[in-house]
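Trainee: One structure follows; several queries about it will come next.
We did not get these values from a lab; they are worked out from the coordinates using the rules stated. On a predicted model such as this, the values are computed, not experimentally measured, just so you know. Cβ placement follows ideal geometry from the backbone for every residue including glycine, while neighbour counts extend to all protein chains displayed.
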Amino acid sequence: MRWEDGRESGVEDRRGLGPAHLIGGGGIGAIILAAIGYFVFGIDPRTTMSVTQSLQQEQSPQQHVANGACPQGDETCRFADVIHTSADDTWAAIFRSQGETYRPSHIVLYSGGTGTACGAGQSAMGPFYCPGDETVYLDLDFFNTLDRQLGAKGDFARAYVIAHEVGHHVQKLLGTSDQVAAAEERGGSHGANGASVRLELQADCYAGVWARQSNTKMNWLESGDLEEAINAAASVGDDTLQKETQGVVVPDSFTHGTSAQRMKWFRAGYENGDPGDCDTFSRRL
């Protein structure tokens, strides 16, 4: 992927600041993030929650760092900045074409743990989007996990992860995530056909939309890049992760969709670059 000439808009770099204060306390935010760690990355939620609780007890007040350029020579930071900026730019253009205004998301790079509006963030959770502060949180060490433990190699696999999280920001702006939350509070469907699965698959589709439209603009994809993203989508399917971590697949506990579904919906977004093809809520998964 020829990303080096992409535009940068800056990141909030909290790396090296240590654990930060938990904004808004523990509770449901920490529980949700623990669930993300388990169902996306195969991490025991009890481990995540215990770490979260220890962070709450030991951390100092939240340290904020103004958005700025990455340190000189930090190419991984620059990569995250370029991809995040490209995703925001792509969606801003899409919204503009529909007569709407796009509010850019933020990206925070951290190491170990950090405070968020959704509770304590911890690197074991993997990348996540917090709708409370409209921010993508990323510990760059996750890219090593993606490569070595999940078998999803390549820079475009990493780009897919960031684009997926920005997809959740799009859902926040469109009101989709709020609608799903309300439906689940009313006792909506869960598991393999549930609303949370459909929300995640739509974010995969939105990542595909970004991939198509950004490549049309930048011509930055190289041979094998698309396969890297599809392989990444497959590696974080609920069925694949459950089989690897617990030896059995439990569809009733799915939150993100199977490997086949995640690949299918990424491809659906990439095929035409049209977010209209990403209606996972009324179509067969």
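Trainee: What percentages make up the Cα-Cα pair-distance distribution of region 160-267 when the bins are 10 Å wide from 0?
Mentor: 15, 41, 32, 10, 1
Trainee: What's the exposure ranking of 148, 267, 158, going from fewest to most Cβ atoms within 10 Å?
Mentor: 148, 267, 158
Trainee: What percent antiparallel are the DSSP beta bridges of region 99-220, to the nearest 5?
Mentor: Taking every DSSP beta bridge within region 99-220, about 65 percent pair in antiparallel fashion.
Trainee: Using the count of nearby Cβ atoms within 10 Å as a rough guide to exposure, how do 129, 102 rank from fewest to most?
Mentor: Listed from fewest to most nearby Cβ atoms, that is 102, 129.
Trainee: Using a basic spin-label model with each label point 7 Å from the Cα along Cα→Cβ, how many nm lie between residue 244 and residue 145?
Mentor: 1.2 nm
Trainee: Still on this structure, please answer the following. Tally Lys/Arg at +1 and Asp/Glu at -1 over every other residue whose Cβ is under 15 Å from the Cβ of residue 16; what's the total?
Mentor: -3
Trainee: Rank the residues 210, 3 as a footprinting-exposure proxy: fewest other Cβ atoms within 10 Å of their Cβ go first.
Mentor: 3, 210
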